[in-house]
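Presented below is the structure to which this report refers.
The values are calculated or read from the model by the stated rules, or taken from the named source; none is laboratory data. Model, not experiment: these values are computed from the prediction. Note that each Cβ is placed from the backbone with ideal geometry, even for glycine, and that neighbours are counted across all protein chains shown.
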Amino acid sequence: MECEEKMALAGLRVLDLADDKASFCSKLLADMGAKVIKVEKPGGDASRWVGPFWKNVPHPEKSLSFWYNNTSKLGITLNLESKEGQEIFRRLSKRADVIVEAFPPSYLEGLGLSYEALSKTNPGLIMASVTGFGHSGPYREYKSCDIVASALGGQMYVCGAPDTPPLKPYGQQAYSTASLFASIGILLTLLERKHSGQGQHIDISLQEAVAASLEHVMVRYFYEGVVSKRQGNFHWNPSFCLLPCKDGHIVLSPLMEWETLVEWLDSEGMASDLTAGRWREEEYRIQHLDHIIEILQRWTKTHTTTELFELGQLMHLPWAPVASPGEVLDSPQLKARGFFVSVAHPEVNAYFTYPGAPYKFDRSTWNIQRRAPLIGEHNEQLYHQELGFSREKLNELSSRNVI
Amino acid sequence: MSAGVLRGLRVLDFTWVLAGPYATRILADFGAEVIKVQSRKTARGAELNTTGYFSTWNRNKLSITLDLSCPEGRELALRLVGMSDVVMENFTPRVMPNWGLSYENLKKVKADLIMISMSGTGQTGPWRDFVAFGPTIQALSGITYLTSFVSDSPIGLGYSYADHVAGLFAALAVLASLEYRDRTGEGQYINISEYEAMCTLLGPAIMDYAANHSPVIPRGNHPNYALAVPYGCYKCLGDDKWCAIAVFTEEEWQALCRVLGNPPWSKEARFSTFWQRREHIEELNELVEQWTAQHNPGEVMNWLQEAGVPAGVVKDAHEVAEDPQLATRGFFVDVRHPVLGKTTFDSTPIRLGRTPARFRRAAPSLGQDNRYVYQELLGMSHQELSRYIEDGVIG
């Protein structure tokens with residue numbers, strides 16, 4: 001128990017109704033000690049069918065995406081669309097601090113499980129809703145998903161090359177950032193609840209999560225009237241670009257630490273005319289960037305990414321190889337920091353490698369307490385031991401597809 | 001009634017550029033007193049108070065000036081730490097210890113201090129001193145490699161997304177540590193690696209390689225693991241106009257066909273089931289694009305959404321600024337800035353029903369809160385403050 005007390009969010013009780021739009025939110029809380037119960041429909045949540053899968057075989061207990069987003073949680077099944085299921089959920093929610101859900105805005109209301117309804121019997125309840133557009137506004141009922149949010153939030157338009165279509169960033173970035181915003185909202189409301197005793201509803205929009213994390217894009221529009229375009233191999237400004245090497249690509253800064261850079265090229269006889277005085281003027285360099293890139297590219301192609309990365313960093317150049325997931329797993333930095341975590345999956349008698357946490361707390365504990373739950377794995381623990389249902393009742397509810 | 005969720009929380013903010021300021025911005029939006037420590041010598045570039053960039057990431061904060069390169073400046077910094085709950089910094093790992101401002105030293109003046117250090121690759125490990133900006137981190141994390149159409153020609157994101165991600169994790173870490181402090185009375189030190197933050201948002205890709213040893217490659221706008229088809233970004237009428245469409249269910253597929261006027265090809269065997277459509281995704285995408293290309297993206301989105309199909313215009317910055325949904329929800333707010341005049345910035349996606357974020361003040365001018373912080377909070381006399389300013393310690 002002492003170990004549990006060392007976790008920052010020990011004692012916090014969370015019900016997770018979310019699919020892949022927001023399951024990362026309560027994973028963040030669960031790995032910091034919250035007791036998160038994932039409530040899935042009988043047979044399992046649809047997000048169990050989102051790949052990739054272990055051994056590339058689609059199976060609801062083998063989704064690596066589900067595994068990753070649901071670590072440290074307990075799992076029960078419950079049919080929220082049945083009257084009995086709703087009654088059971090009301091009982092669960094009375095004992096909960098937080099509910100995380102990602103249904104369409106009026107769905108829970110239709111089941112009599114809206115925040116207004118549930119908070120009547122549990123005024124301290126906090127509910128975070130993650131939806132495509134939020135619970136208000138003209139698009140409220142519109143459907144969304146990661147690519148739609150990326151498009152409408154302004155992300156896709158600026159990703160890609162001038163001669164390609166807009167490009168959605170890899171993964172489920174809208175879901176990930178929305179989950180992060182939601183988890184911050186939850187901890188804010190928990191702190192507030194200590195003063196007021198009251199919970200509240202948190203309304204997270206995927207579109208807003210995207211539009212709030214665009215760095216220069218909206219800033220340059222509001223202050224300079226500039227509409228950012230797709231830049232291909234360049235960062236939005238020429239401070240960074242992406243060039244080919246012998247064995248891959250490197251991100252480098254073609255304008256920074258100019259004299260160091262030119263000396264380096266020159267020492268390998270590859271500086272061409274860049275040693276001339278006129279190139280010392282940054283203005284001139286920006287105007288003739290194409291020429292610089294041409295010469296740099298001739299040079300980068302004679303090196304490996306590792307050579308350029310290590311030597312460049314020795315000279316304090318903010319360069320990096322463009323790493324694939326395999327190379328990320330091999331990163332000496334991530335290994336030295338123990339970033340990857342090995343998680344036991346006892347039912348298949350194997351351990352799997354998971355990304356760990358980006359924060360290291362020196363007092364409170366962070367850890368993946370267990371792998372994601374199997375479908376209904378903790379039904380007995382929750383319904384029998386905690387809610388006091390008899391085994392007969394459990395069987396009966398199960399036969400009627402309530403759990 | 002209330003001055004915000006985090007009323008009474010004082011944050012001494014040594015952060016700069018974006019990742020750190022984005023984290024402290026969230027705390028300030030919800031009522032924390034965030035004191036940004038600046039110096040005349042370093043108030044340049046992203047830290048120049050009168051730019052749009054600075055004003056966007058530093059609204060709601062106070063600004064003081066303090067020269068940390070001199071011993072007297074560092075002494076004052078320690079006094080400020082003594083009255084703060086949280087200290088945040090995002091320098092390279094050597095900077096704070098070199099100034100004598102390591103966590104070990106800071107907690108001597110404030111036992112239950114929460115301190116967060118954010119850096120590119122973390123405070124430990126062989127790469128700890130490497131220089132990293134957003135694009136550097138994105139390259140290292142795998143997202144630059146994976147965000148492309150083909151694997152031998154990576155593209156990446158075109159902006160410093162990783163800075164936001166690191167900032168969000170930092171804000172979360174502060175709040176979790178406050179929860180821990182409330183329960184145990186203990187503060188703590190947290191170190192955040194932006195590299196690791198970015199990697200955590202690519203979890204399934206990393207696990208795929210680790211578990212299956214099969215290469216994970218960029219797929220452009222292919223649905224990849226999303227169970228949707230048709231799916232992608234479709235060219236519409238007009239110059240560089242596009243609409244994203246994602247059809248997940250059979251109902252949505254039928255609705256799409258209706259909106260397209262039930263073309264004969266939609267009845268063909270090759271498109272008759274989800275897995276058939278998935279197999280013929282390229283052909284299907286082309287046929288859908290033949291239709292979208294005849295319409296403007298707003299029409300495509302509205303017709304599809306009204307029929308129950310997920311779709312969204314690929315919006316540029318101007319269109320995002322004018323977006324009716326964002327506008328109705330008041331997503332962008334205007335605040336008057338003493339130098340810049342009217343400033344506009346995103347509010348916050350964190351919409352708390354009862355205690356919403358407040359945008360009380362524009363970003364500070366350099367050192368505008370020196371008098372309040374040094375005199376009212378630290379109890380310095382007017383003469384003392386003037387002397388420090390004359391000596392350039394506060395300046």
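Structure summary
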| item | result |
| --- | --- |
| Hits in the stretch A:349-402 - residues which are more than 30 Å from B:ASP208 (Cα to Cα) and in contact with a Gly (Cβ under 7 Å, 6 or more places away or on another chain) | A:VAL402 |
| Selection count where residues are in a helix (DSSP H, G or I), under 12 Å from A:GLY51 (Cβ atoms) and in contact (Cβ under 8 Å) with a residue 40 or more places away in the chain, scope the stretch B:192-224 | 1 |
| Residues of the stretch A:54-92 satisfying the condition of being outside any loop (DSSP other than H, G, I, E, B), crowded, with 22+ Cβ neighbours inside 10 Å and of a type outside the set (A, V, I, L, M, F, W, C) | A:SER63, A:SER65, A:TYR68, A:ASN69, A:GLY75, A:THR77, A:GLY85 |
| Matching residues in the stretch B:2-30 - criterion: being small (Gly, Ala, Ser) and under 19 Å from the mean Cα position of the chain (by Cα) | B:ALA19, B:GLY20, B:ALA23, B:ALA28 |
| Any pair with Cβ under 9 angstrom, 6 or more apart, that starts in the stretch A:374-385 at a residue that is of a type outside the set (A, V, I, L, M, F, W, C) and ends at one that is modelled with pLDDT of 95 or more and part of a helix (DSSP H, G or I) | A:TYR383/A:ILE88 |
| Matching residues, the stretch B:211-228, being more than 7 Å from chain A (Cβ to nearest Cβ), on the phi > 0 side of the Ramachandran plot and either modelled with pLDDT of 95 or more or crowded, with 16+ Cβ neighbours inside 10 Å (or both) | B:ASN224 |
| Some residue of the stretch A:239-255 being assigned to a helix (DSSP H, G or I) and either surrounded by fewer than 21 Cβ atoms within 10 Å (Cβ to Cβ) or within 8 Å of chain B (Cβ to nearest Cβ) (or both) | no |
| Hey, B:ALA197 of a type in the set (Gly, Ala, Ser), farther than 26 Å from B:PRO310 by Cβ and touching a helix residue (DSSP H, G or I) at 6+ places or on another chain (Cβ under 6 Å) or not | yes |
| Long-range neighbours under 6 Å by Cβ, at least six apart or interchain, first residue more than 7 Å from chain B (Cβ to nearest Cβ) within the stretch A:166-178, second modelled with pLDDT under 95 and crowded, with 24+ Cβ neighbours inside 10 Å | none |
| Which numbered condition A:PHE309 fails, given (1) in a loop (DSSP other than H, G, I, E, B); (2) under 28 Å from the mean Cα position of the chain (by Cα); (3) surrounded by 17 or more Cβ atoms within 10 Å (Cβ to Cβ) | (1) |
| The stretch A:193-234 - residue that is surrounded by fewer than 23 Cβ atoms within 10 Å (Cβ to Cβ), on the phi > 0 side of the Ramachandran plot and modelled with pLDDT of 95 or more and, of those, nearest to the other protein chains (Cβ to nearest Cβ) | A:GLY225 |
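Here is a yes/no grid of residues against (1) touching a Leu at 6+ places or on another chain (Cβ under 7 Å); (2) aliphatic (A, V, I, L, M); (3) crowded, with 23+ Cβ neighbours inside 10 Å; (4) more than 7 Å from chain B (Cβ to nearest Cβ):
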| position | (1), (2), (3), (4) |
| --- | --- |
| A:PRO105 | no, no, no, yes |
| A:THR121 | no, no, no, yes |
| A:GLY124 | no, no, no, yes |
| A:GLY132 | yes, no, yes, yes |
| A:ARG140 | no, no, no, yes |
| A:ALA151 | no, yes, yes, no |
| A:THR164 | no, no, no, no |
| A:SER183 | yes, no, yes, no |
| A:LEU191 | yes, yes, no, no |
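Okay, residues lined up against (1) of a type in the set (D, E, K, R); (2) on the phi > 0 side of the Ramachandran plot:
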site: B:GLY232; (1), (2): no, yes
site: B:LYS241; (1), (2): yes, no
site: B:VAL247; (1), (2): no, no
site: B:GLU252; (1), (2): yes, no
site: B:TRP265; (1), (2): no, no
site: B:GLN276; (1), (2): no, no
site: B:HIS280; (1), (2): no, no
